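One structure below.
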Amino acid sequence: MSTAIFLVHPERPDALALALDTAEWLTARGDTARILQFTAPNRVSEADDERDLGDVDLAGSTVAVSMGGDGTFLRVVRLAWTDDVPVLGVNFGRVGYLPDLVPDQVRVALTRVFEGKAVIESRCALEVEIVDRSRADALSTQLALNEIVLEKTEFGHTVRLATSIDDEHVFTYSADGVIIATPTGSTAYNLSAGGPILSPALRAMVVTPVAPHLSLDRSLVLTDTQRVTVTIAADRAAALVIDGQEIGRLNRGSTVTCRVPERPVRVVRNEPHGFGALLRFRLLADREQ
């Protein structure tokens, strides 16, 4: 018996309707289905039971099904990664770079997953450790599939970010910000800031400054065994954004450390795509918006 967990965008009644219909179909097949609906970025509800994302256990599930756009997919990834559950993305957003299935493909895709015939890609992620010096060395760890960004908070001013690789100081950027991106995220903000495109099959990360002032304006491509630490080096605070969600503001002395964890994010693909096809889709989709 296989189990599918549906995680649904809170403002898409069509996504919820499809999840309910598909769950009924799975139950008739003898499989199991659960439906969770996001109520906030880090909270979900199941029936009348609302809880924090961190309290949701997906262990033993066959697949987690994201029903929404890129934002929903990224939230599901953070939840599923903890229990090493593959994520299948159904796109209900405008473009949807990450979820590549359309609603009428769900049953076929789930059948392939349950029969062990699905294409499941391993994607490199970033484990992000945050030390906030303004709150008694508060420590937290999060996961990023696309990128983390440390950026300025004051209009017309730069932020100073001391950047180290494996505890060796490399540069102190005076810039609008610094991006640390995965190969999956290399075609997002990193590309817009002039960074390189990495094959999504790589285990690597890329560090790209955003509008640096009188400092190196080239990206650094690093291996999956290296570790990057960025320290807020001046009195101006920096905003920390992970996969498009602002986590908070960090003051002088606070640090963000990124490393590639051994466990990858596993993503179910409708069909295998070559790197060229993925690249054309991404660039043409951007042009058509």
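Points worth noting:
- Size of electric dipole in region 60-137: Cβ of Lys, Arg +1 and of Asp, Glu -1, about Cα centre, debye, nearest 20: 240
- Above 26 Å, the calculated P(r) of the chain contains 45 percent of its Cα-Cα pairs.
- Hydrodynamic radius (Kirkwood) for region 154-216, which is based on Cα pairs only, to one decimal in Å: 12.4
- Percentage relative contact order, the chain, counting C-alpha pairs under 8 Å, at least six apart: 17
- Evaluated with a Cβ-only charge set (Lys, Arg +1; Asp, Glu -1), region 135-261 carries a dipole of roughly 60 debye about its Cα centre, given to the nearest 20.
- Ranking Gln245, Gly116, His169 by how far each Cα lies toward the positive end of the dipole of the chain (charges on Cβ) leaves His169 at the top.
- Whole-Å distance, taken between Cα centres, linking region 59-87 and region 166-200: 25
- Shape of region 1-65 from the C-alpha gyration tensor: oblate (a/c of 1.5 or more and a/b not above b/c, with a ≥ b ≥ c the square roots of its eigenvalues).
- Cα gyration tensor shape for region 1-155, rounded if a/c is under 1.5, else prolate or oblate: prolate
- Placing dummy labels 7 Å off each Cα toward the beta-carbon, the span from His213 to Arg112 is 5.1 nm.
- Top of Val149, Val102, Val87 by mean-square fluctuation, Gaussian network on the chain, Cα under 10 Å: Val102
None of the figures in this text is laboratory data; all of them are computed from the coordinates on show. Owing to the predicted nature of the structure, the values given are computational and were not obtained by experimental measurement. Virtual Cβ from ideal backbone geometry, glycine too; neighbours counted across all protein chains shown.
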